[in-house]
Amino acid sequence: MATLDPNPVPRRDFLKTSTLGALGAAAAAHFPFVTTAHAAADDPIRVAIIGCGGRGTGAALNVLGAGTKVVYPETGYHTEDAGVGARAAAKNVEVVALADVFEDRLQRCRTQLERVGMPIPDDHCFLGFDAYEKVLAIPQVNYVILATPPHFRPAHTLAAIQAGKHVFLEKPAAVDPQGALVILEAGRLAKEKGLGIVAGTQRRHQGDYVETIKRLQDGAIGDIFEVRAYWNQGYIWSVEREPGWSDMEWQLRNWNYFTWLSGDHIVEQHLHNIDVCNWVMGTHPVKATSLGGRQARVESLYGNVYDHFATEFEYANGARMFSQCRQIQGCSNNVSEGATGTKGVSNCCNFIQVHGAEAWRFRGGFTNPYEQEHIDLINSIRAGEPLNEGQAVGESTLTAIMARMSAYTGKTLTWDDLIQSKLDLAPAKYELGPLPIAPVAIPGKTPLI
Ligand SMILES: NC(=O)c1ccc[n+]([C@@H]2O[C@H](COP(=O)([O-])OP(=O)(O)OC[C@H]3O[C@@H](n4cnc5c(N)ncnc54)[C@H](O)[C@@H]3O)[C@@H](O)[C@H]2O)c1
């Protein structure tokens with residue numbers, strides 16, 4: 001297996017991907033359908049996973065199941081099914097390469113894949129901060145799953161698109177405005193190059209949401225003047241520091257609690273609900289006023305993030321989005337969305353109540369959105385019309401970042417403030433060494449950058 005590169009990668013080099021441009025041509029030559037309009041139903045999908053942790057491994061299994069389902073919908077799918085790998089490969093969907101910073105994480109993913117009949121050879125496993133470049137340089141890879149902590153997503157997405165690969169990117173797409181703008185650029189470039197981008201905002205691939213929101217956009221509840229987004233829950237997973245770990249290693253393994261890596265939970269988790277509201281409204285808000293703080297989860301284990309936020313967003317047409325998110329034990333939980341229009345209300349998911357009429361409920365079956373997102377992307381690639389969710393996920397990510405920055409600074413912020421912002425949360429260099437933790441933001445004192 002390739003070992004960890006002892007040379008740290010300076011942060012700016014993450015966005016210097018010019019050498020990767022040439023690789024796009026190589027990939028296109030190897031797989032003509034990557035950049036041409038028409039494709040056959042069983043064109044090869046050769047997947048690389050960048051970030052082989054919980055979700056990266058889950059997505060690897062999902063894409064194999066998706067491959068199976070795309071071709072054999074009648075056979076069903078189970079992630080523990082030892083035949084999955086074989087069935088997927090038979091229809092030309094394979095995972096062929098893995099990249100991660102840490103060997104233990106990569107090996108755990110590799111073992112899972114082996115169990116489903118998809119062994120990855122040593123020379124296709126790469127470790128280190130530059131491991132992503134090595135899998136992007138493999139010509140046969142034409143589909144990458146990006147599932148590192150969110151900080152790395154903009155650089156990895158842009159590099160993958162420049163290298164001519166289709167991209168499945170986990171949400172959120174960035175942690176700061178500069179990163180979100182890179183995602184919007186990558187989305188534009190993907191369109192130009194005929195490449196697909198689907199994001200892990202999986203509600204957009206979940207039958208009940210899709211059907212309900214289509215009806216809302218068709219005017220089922222009249223003009224929508226208010227949408228609501230909630231993700232209130234208890235604590236999520238955390239990783240205690242172990243002896244021998246550098247600051248960087250601990251922060252990477254416990255990434256949810258460091259704003260530079262996760263974007264804070266309003267970006268990392270609540271993004272899902274904010275994205276649903278933007279989807280319903282067909283656009284992003286232009287202004288946000290947000291309150292937040294770190295009230296209960298104050299131990300050093302929890303880094304420098306807040307544990308609650310509440311935000312009022314304003315859309316250009318004057319409609320509002322009200323949003324709450326909380327990660328505090330022992331409180332009321334609520335993960336949902338809602339919309340109110342001039343003619344009625346909806347939960348945006350499976351229920352519409354028009355005033356004075358019988359309620360409509362979604363009666364369709366359940367589709368696993370974690371598989372459906374890959375089915376949709378693979379089908380669109382093979383049909384020669386790749387989906388492109390770059391703009392949608394870039395704008396929703398920027399919406400959540402706008403709220404976090406409003407709460408951190410104590411200022412009402414506009415979309416233009418975000419576009420102008422030079423905030424870049426990247427560390428000076430990417431190496432497993434010392435990395436001081438930025439102070440917790442204090443509204444009224446933390447400056448807007
Ligand atoms: N859509 C969803 O419902 C959903 C659910 C869970 C997680 N996620 C998202 O998936 C992403 C990963 O979350 P997770 O729970 O799998 O975290 P995780 O910590 O389990 O996995 C992250 C992996 O990335 C590796 N990594 C870190 N930096 C890297 C780098 N620079 N290059 C290569 N590998 C690197 C880590 O070693 C780890 O193996 C996050 O963005 C998270 O928000 C989405």
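The figures follow:
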item	result
Of all residues in segment 147-178 being in a helix (DSSP H, G or I) and touching an Asp or Glu at 6+ places or on another chain (Cβ under 8 Å), the one that is farthest from residue 277 (Cα to Cα)	159
Candidate set: segment 224-239, residues that are part of a strand (DSSP E or B) and either among the aromatic types (Phe, Trp, Tyr) or not assigned by TED's automatic domain parsing to the domain that holds residue 342 (or both); chosen: the one farthest from residue 272 (Cα to Cα)	225
Residue in segment 117-126 that is at pLDDT 95 or above, within 16 Å of the ligand (Cβ to nearest atom) and buried (at least 24 other Cβ atoms within 10 Å of the Cβ) present	yes
Condition check for residue 182: of a type in the set (A, V, I, L, M, F, W, C), without any contact (Cβ under 8 Å) to a residue 12 or more places away in the chain and in a helix (DSSP H, G or I)	no
Index of the failed condition, residue 80 passing every other in (1) within 26 Å of the chain's Cα centre (by Cα); (2) at pLDDT 60 or above	(2)
Qualifying residue in segment 350-368 (condition: under 30 Å from residue 206 (Cβ atoms) and under 20 Å from the mean Cα position of the chain (by Cα))	yes
Residue satisfying condition, being in contact with a helix residue (DSSP H, G or I) (Cβ under 6 Å, 6 or more places away or on another chain) and not aromatic (Phe, Trp, Tyr), within set 353, 391	391
Residues within segment 308-330 that are in a loop (DSSP other than H, G, I, E, B) and in contact (Cβ under 8 Å) with a residue 40 or more places away in the chain, tallied	5
Condition met for residue 221 (in contact (Cβ under 8 Å) with a residue 24 or more places away in the chain and in a helix (DSSP H, G or I))	no
Segment 396-423, residues that are within 16 Å of the ligand (Cβ to nearest atom) and touching a Lys or Arg at 6+ places or on another chain (Cβ under 9 Å)	396, 397
Pick from segment 91-116, criterion of a type in the set (Asp, Glu) and more than 9 Å from the ligand (Cβ to nearest atom), ranking: surrounded by the fewest Cβ atoms within 10 Å (Cβ to Cβ)	114
Cβ pairs under 8 Å, 6+ apart, first in segment 343-356 and modelled with pLDDT of 95 or more, second aromatic (Phe, Trp, Tyr) and assigned to a strand (DSSP E or B)	351/360; 352/360; 353/360; 354/360
Options 282, 338, 292: the member that is in the same structural domain as residue 414 (by TED's automatic domain parsing), surrounded by fewer than 16 Cβ atoms within 10 Å (Cβ to Cβ), in contact (Cβ under 8 Å) with a residue 24 or more places away in the chain and more than 16 Å from the ligand (Cβ to nearest atom)	282
The lone exception for residue 396 - which of (1) surrounded by fewer than 18 Cβ atoms within 10 Å (Cβ to Cβ); (2) within 25 Å of residue 150 (Cα to Cα) it fails	(1)
Number of positions in segment 107-135 that are closer than 14 Å to residue 53 by Cβ and free of Cβ contacts under 8 Å to residues at least 24 places away in the same chain	2
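Each row is one residue, and each column tells you yes or no for (1) away from the ligand (no atom under 15 Å from the Cβ); (2) under 20 Å from residue 377 (Cβ atoms); (3) of a type in the set (A, V, I, L, M, F, W, C).
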position: 129; (1), (2), (3): no, no, yes
position: 132; (1), (2), (3): no, yes, no
position: 164; (1), (2), (3): yes, yes, no
position: 173; (1), (2), (3): no, yes, yes
position: 179; (1), (2), (3): no, no, no
position: 204; (1), (2), (3): no, yes, no
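The values are calculated or read from the model by the stated rules, or taken from the named source; none is laboratory data. Note that the structure is a prediction, hence the values are computed from the model and not measured. Backbone-built Cβ (ideal geometry, glycine too); neighbour counts: all protein chains shown.
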